[in-house]
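Following: one structure in structure tokens, then a few remarks.
The values are calculated or read from the model by the stated rules, or taken from the named source; none is laboratory data. Just so it is clear, the structure is predicted and the values come from calculations on it, not from any experiment. FYI the Cβ positions are ideal-geometry reconstructions off the backbone, even for glycines, and counts take in every protein chain you see.
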């Protein structure tokens with residue numbers, strides 16, 4: 001019951017953030033689809049049965065709500081935050097993971113879109129995994145995605161890591177899609193192995209900004225990191241505004 005209360009609190013954060021930006025969002029185009037300086041807001045909310053990040057469990061097989069809000073600050077620059085409730089990833093009982101973001105969007109062509117992100121990670125109540133992140137994501141033809149990340153505090157070890165992943169989106173019939181990705185974590189922490197993570201998803205998209213997903217994810221070394229990389233399935237509803 002307490003854990004469900006945490007989800008409701010994060011949902012309140014999403015509603016509050018949306019109410020702050022709603023007036024400007026109504027006046028401009030969807031910031032996720034335009035790089036014009038509309039000063040409008042875009043965002044998303046994802047309700048999932050099990051929050052998995054880079055193949056690792058972040059919610060201890062419990063439901064989680066992820067919220068993401070970005071405000072267009074100009075033709076290419078956005079500011080905002082991403083957040084989720086988390087559970088049992090440190091010795092302390094963590095409640096929330098908040099990521100404050102600065103994002104630069106570059107459209108090289110209609111087929112190649114790039115997003116560069118600098119983020120500050122904050123974990124509550126434990127501060128063990130606080131740190132900074134740099135990421136570059138390349139979206140090619142709306143089908144292929146390449147992600148590169150650098151993290152200065154991998155899993156609270158105070159050691160840096162690099163992450164690379166490649167993904168593919170297959171448009172099947174009507175509202176049905178499928179997606180898959182493979183990632184690799186390279187890190188410098190002693191006693192922790194580098195590992196592969198895989199993720200496959202079946203997607204039902206009844207509306208342009210609404211998706212429902214059934215997925216399976218896991219890592220090549222599920223025995224380390226307290227077993228948080230074991231293969232597991234999840235359900236998720238993804239809503240954008």
How do the pairs read when you match residues in the range 189-210 that are closer than 27 Å to residue 153 by Cα with residues anywhere that are at pLDDT below 95 and part of a strand (DSSP E or B), using Cβ under 6 Å and keeping only pairs 6 or more apart or on different chains?
none
Residue count, the range 70-97, condition buried (at least 21 other Cβ atoms within 10 Å of the Cβ) and within 12 Å of the chain's Cα centre (by Cα), comes to 3
Is at least one residue of the range 220-231 part of a strand (DSSP E or B), within 19 Å of the chain's Cα centre (by Cα) and in contact (Cβ under 8 Å) with a residue 60 or more places away in the chain?
no
Going by what's in this entry, would residue 149 be described as at positive phi and not in a loop (DSSP other than H, G, I, E, B)?
no
What is the number of the single condition among (1) touching a strand residue (DSSP E or B) at 6+ places or on another chain (Cβ under 7 Å); (2) under 21 Å from residue 213 (Cβ atoms) that residue 174 does not meet?
(1)
How many residues, within the range 161-198, are more than 21 Å from residue 232 (Cβ to Cβ) and part of a strand (DSSP E or B)?
12
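Test of understanding: among 32, 40, 44, which residue is closer than 30 Å to residue 214 by Cβ and modelled with pLDDT of 80 or more? Lay out the reasoning, then the answer.
Working: 32 fails: modelled with pLDDT of 80 or more; 40 fails: closer than 30 Å to residue 214 by Cβ.
Within the list 32, 40, 44, the selection yields 44.
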Pairs, please: C-beta under 8 Å, at least 6 apart or cross-chain, first residue on the phi > 0 side of the Ramachandran plot and in the range 160-177, second outside any strand (DSSP E or B) and surrounded by 13 or more Cβ atoms within 10 Å (Cβ to Cβ)?
none
